[in-house]
Amino acid sequence: MVTTWMVGSWSLPLCVMLSKFAFFNQSSTWHHQALTCGEILGPTEPREEPPPTSPKRKRDLSSDSEDNLSELLEPDPKLVWSIETLCGLRMKLKRRRVSTVRPEHHEVFTRLLEDPVVKKFLAWDKMLRVSDKYLLSMVIAYFSRAGLFSWQYRPIHFFLALYLANDMEEDNQAPKQDIFYFLYGKSYAQRPMFHKLRFQFIRSMRWRIWVSREECEEIQAYNPELWVWARDRTKLTYNP
């Protein structure tokens, strides 16, 4: 089912709106420049701050809290049961969710990593404030839930998914503003449109925005040699 956005008397699919947004305002916005020439607005260097020694993430909640939250944010999840322990005639079952991530979603993510804008952004975020390996694995999970064809994904989808991942996982919400700082510099003109597209992206996933740590690790295990999985915030050393 394709989510649509109503504009006057016209009903446009989300994928069309996202595609149009990526090339909107060719003469003055970053989108045309970023997607064709690799040029962007914003500073040449990120605002460096010491990485947290013990990052506080919402994914570090207890398993009970995680299950309760996932049930609220992911209605009617598909569940399977697996044997966790077996002792004599007794066995302990563990409830697991069926992942919707397919090989094509990994391929889309890998393709977007080669985009000049995405590549420059990841190099710019040296302290991994908004793009460590767990947040990036959530981008793949969101791609699998959005319902778009592989060829429809553009760099704007990467940034929408990454911003949403920070919304969900980071207790400190300030660093995610670096995404705007990178894309638009100090301008606030394009932020309302970005938030509208973010809302449409969430609706396309039917509000299934919770991603468990287990699913993140399964996503990383699919291609463990992918270079972005080395972006581990806990291993950073800060030299003032």
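The values are calculated or read from the model by the stated rules, or taken from the named source; none is laboratory data. This is a predicted model, so every value here is computed, not measured. Glycine gets a Cβ as well: all are built from the backbone with ideal geometry, and neighbour counts include every protein chain shown. Heavy atoms of the whole protein, side chains included, go into the accessibility calculation; ligands, DNA and RNA do not. Shrake-Rupley method; radii C 1.70, N 1.55, O 1.52, S 1.80 Å.
Select from the stretch 200-240 the residues that are of a type in the set (Phe, Trp, Tyr) and exposed (fewer than 13 other Cβ atoms within 10 Å of the Cβ) and list them in ascending order.
Going through the stretch 200-240, the residues of a type in the set (Phe, Trp, Tyr) turn out to be 201, 207, 210, 222, 227, 229, 238.
Across the stretch 200-240, the qualifying residues are TRP227, TYR238.
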- Message: Contact list please: Cβ distance under 9 Å, first residue in the stretch 154-169 and closer than 14 Å to TYR134 by Cβ and open to solvent by 10 Å² or more (accessible area, probe 1.4 Å), second residue hydrophobic (A, V, I, L, M, F, W, C) and at pLDDT 95 or above, pairs at least six apart or on different chains.
- Response: MET168/MET138
- Message: Can you say whether GLY185 is out of contact with any Lys or Arg (no Cβ under 9 Å at 6 or more places or on another chain) and modelled with pLDDT under 95, as far as the supplied structure shows?
- Response: yes
